[in-house]
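Derivation of every value follows stated rules applied to the coordinates shown; laboratory data play no part. Note that the structure is predicted; figures quoted are calculated from it, not measured. Glycine gets a Cβ as well: all are built from the backbone with ideal geometry, and neighbour counts include every protein chain shown.
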Amino acid sequence: MRVLLATLFVCLLATPASAQQPCPPAASPTAGVAQGTLVARFRAQPQQAETTECPDTEPRTFSLKHTEVDAEISGFLASVTVTQVFENPYTSPLEALYVFPLPELAAVDGMEMHLGDRVIQGVIQTREQARDTYERAKAEGKTAALLDQERPNIFTQSVANILPGETIRVRIHYVERLTYDAGTYRFSFPMVVAPRYIGGQPLPTRQGEGVEPDTTSVPDASRISPPVLADTRSGHDIQLTVRLDAGLPVHSLRSTTHRVDVKRDGQSRATVSLGRDDRIPNKDFILEYVVADALIRPAVLMHREPGADHGYFLVMLNPQLSPTQREIVPRELYMVLDTSCSQSGLAIEKSKAITKEVLNHLMPEDTFQVLNFDTQVTKFAPTAVPATPENIQSALPYVANFWGGGGTDVNIAAREAMLPPNDPARLRMVLFMTDGLIGGDEQVLGTLQKHLREETRIFSAGVGSSTNRYLITKMGELGRGASTLVNLNRPEEDVAREFEQRMRGPVLTSVVVDTDGLPVSDVYPKSVPDLFAGQPLFLVGKFTGTGNGVLRISGRVRGQVRRFDVPVHFPEVAPEHDSLKSLWARQRIEELTVEGYRGETPEVVQGITDTALQYHLMSRYTSFVAVEQVARTAPNGETVREMVPVQLPDGMVAGALSREEIPPGDPIISVRAPRNSRRVTAYFPFGLVKPLTFDNLTRSWRGRFLVPLGIADGYYTVFIIAELADGRVERSEVRYRLDSKGNDFDVVLSQKELAPGDTLTLDVDAVEATQEVSVYGDLFGEDQQLFDTQDRLRFTKALVIPEGTPAGTYELVFVARDAAGNRFERRETLRVIHARRD
């Protein structure tokens, strides 16, 4: 049996900015995009290679020379413009493809392209129509821009026919409502699309240009997986300015993520901008502030254009309720920690610290369970255990030993937290700590819809500098709980205290909105959630008439009905707050999207499409396209096409597990760690300790190790210890499956007796998913003939018996190889005759 070598890539923290390296690391050909950076790679110049000590591997960047974010905040509504500036360094026209994030509930209502003094407005079309418009313009030599939505918080911008040396600006506009929680407003802006875990089996076709193949689980994975720059800067910075007019005196204005410059203009106004030394687009920006007397009275906003037969309203109500100690119900607390590769380093340490805080503050009547997951789920105990001092002390070291490694299968973790039978005497509270960096968002949310019980609540915490905020937020909403973001600077005590207050139980339940007698319609959300301490209620809707009225909201507080009356005035004209129109339409699209989590229907698709087209909004079924009407280059001419790389998010580890199944033998382990690390060591489960050495070719620490033949098949973990140049020690782990058995299969020959010129059809049915099947033998030569497959279970191949083949019996050798590289053979014979008998 041939020895097949495998390479294990292990997650470790990215090289610190302060680390000095003799030579810059080679950029991967699949390395990727920070928000809006296009990487153009030039061939090395021979004369340059002769005069430098280092190989010419550093990419020269066709960059967004400058990204500028300008936000205007009035009250709790934000109007944001994102401008990105490109320049083509090539001698040929360029098509740029880049992937970037926007806030998860942003109503994207405008896109325009600037060519010199000309401004080309983007128009909204169905996604298919917009793609056709863009492709035709590109073929005709016209400059064009296309903006697609891949997820509610991920977008793809394509810009075709950027002329050599030309500067182009793309400007995107959106509006959003700020989040409000326990007296604090938050404005946030995501800056980078982080790498995501993609499960499932690869598909034979691709929709996009990303580094991941489309799979059975994530059919568009290639559109949301831009390459990643792990060890180099992308070459551009970002400027962000927030102009705040709160309407009330502002207190505690600060950014929890970045250094900022603040200029005050009175008590209620301020201008906030990024500090000059903190402009790398590799983490989400968050701005927090508190206003005096926040939400003592309900806030009501109205918008109606002159002569319009309807308008839009938004109501914000804060019940300002807190549960008393005697009202706290006993809890069955499930703490679910993401211990995948993307959480390695600072993020997983933050989750462990939060868990420790929560465990130390459990009530005696509580029970608890700790789950950790990557592509598998591990439990602290078979079932939830009483919160006794002894059980808590046993759980603390269990949590302390968590390391990061492997993929991020949030779906299996969600099922494991919801499927066990609930304790009838307790309310199950699930605290989910993850970055949510997966491709299959809707699978997870569909699982929540399917399995969530009435007596279960989900509280989600997005841990990391660049999390999948859409998934985190929706998990809390669908789980009838709450969500929060935990950047790496946020104290774990603060997070634990927030969730402890929330997990005491909802303060307002069975909420009903009574609109009888009011000229209103299409009020969202249709199903009003329970409210927890510190949470406000937001309602958005349409109105048709004029005059005064009272919006009546009721709910149960401590079992008793409580009513909140909100006086409203429906004006004939109200030109202010024009963003309410887009916010209402975006909320309607979101409600329809949630309906489609468990299965897309024609009604849902049509509803989203019609709303987005009518209100000129981005959606998964509509796109913006802008076209310069004059051809600027030769039709169907040669162009350079570049996929934009993304910066590795701040605090995230570099590297990934390239192969999770290996056969016995001597595979190679490869660790991404700084070149100037003092030492990197791998500890194997079968007693081997392997010091690794730095390899200049691959720019990684590598070593070959032996898997003894006597080791049983199963899952094993390799622990990695890296001592960095500054003395810090980083730990990580990688899980792999040892598989020494090949996949069995059945073979069917269409005929056992053939003549030269006849066609032989071979069908193979594999017992398990198989990487490839081939056949060889004297009849068809020694070259192996690969079979075709669509699902890696059923394989087929048609071969013609060569003319002049002598009569006789021939042996065919069928070979199947699995994901671990194991080889399994089966042999069949057939007979060749001179001529077919009648």
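Some observations on this one:
- For the peptides 418-431, 144-157, residues were scored by their other Cβ atoms within 10 Å and the scores averaged per peptide; the highest-first order is 144-157, 418-431.
- Kirkwood analysis of segment 381-481, using all unique Cα-Cα pairs, places the hydrodynamic radius at 14.8 Å.
- Exceedance of the 23 Å cut-off in Cα-Cα distance is limited, within the set 283/474; 350/690; 283/350; 474/526, to 350/690.
- The mean sequence distance of close C-alpha pairs (under 8 Å, at least 6 residues apart), as a share of the length of segment 745-832, puts its relative contact order at 33 percent.
- With the simple spin-label model, which puts each label point 7 Å out from Cα in the Cβ direction, the residue 216 to residue 796 separation comes to 1.8 nm.
- Every Cα-Cα pair in segment 150-224 was counted, and those over 14 Å apart are 73% of them.
- Inter-probe distance in nm under a simple model that places probes 7 Å from Cα toward Cβ, at residue 569 and residue 92: 6.5 nm
- Cut-off 17 Å (backbone N to label point 7 Å along Cα→Cβ of residue 201), residues of segment 744-759: 744-747
- Working ranking of peptides 551-558, 748-755 by packing, defined as the average number of other Cβ atoms within 10 Å per residue, highest first, is 551-558, 748-755.
- Packing-based ranking, highest mean first, of 168-177, 108-117, 399-408, 358-367 given that Cβ atoms within 10 Å are counted: 168-177, 399-408, 108-117, 358-367
- Centroid-to-centroid separation of segment 613-653 and segment 410-464 [C-alpha atoms, Å]: 35 Å
- Remark on residue 366: its backbone amide H falls under 5 Å from those of 331, 387, a criterion applied only to residues 5 or more positions apart or on other chains, H modelled at 1.01 Å from N.
- Total formal charge among the other residues, if their Cβ is under 9 angstrom from that of residue 467, Lys/Arg +1 and Asp/Glu -1: -1
- Ordering 444, 389, 402 by Cα displacement along the dipole of segment 328-502 toward the positive end leaves 444 in first place; charges were set at the Cβ atoms of Lys, Arg (+1) and Asp, Glu (-1).
- Based on alpha carbons, the Rg and Dmax found for segment 745-832 are 12.9, 40 Å.
- Its alpha carbons give segment 515-602 an Rg and a Dmax of 15.5, 42 Å.
- Across all directions, the average projected area of the convex hull around the alpha carbons of segment 300-457 is 13.5 nm².
- Shape annotation for segment 426-523: C-alpha extents along the principal axes are 49, 31, 28 Å, from largest to smallest.
- A cut-off under 11 angstrom between Cβ atoms defines the neighbours of residue 140, and their net charge, with Lys, Arg +1 and Asp, Glu -1, is +2.
- Whole-number D in µm²/s for segment 416-465 (Stokes-Einstein; Kirkwood sum over Cα pairs; 4 °C, 1.567 mPa s): 107 µm²/s
- Note on residue 138: no lysines have a C-alpha under 16 Å away, same-chain residues under 8 apart excluded.
- Distance from the C-alpha centroid of segment 756-807 to that of segment 471-489: 52 Å, rounded to the whole angstrom.
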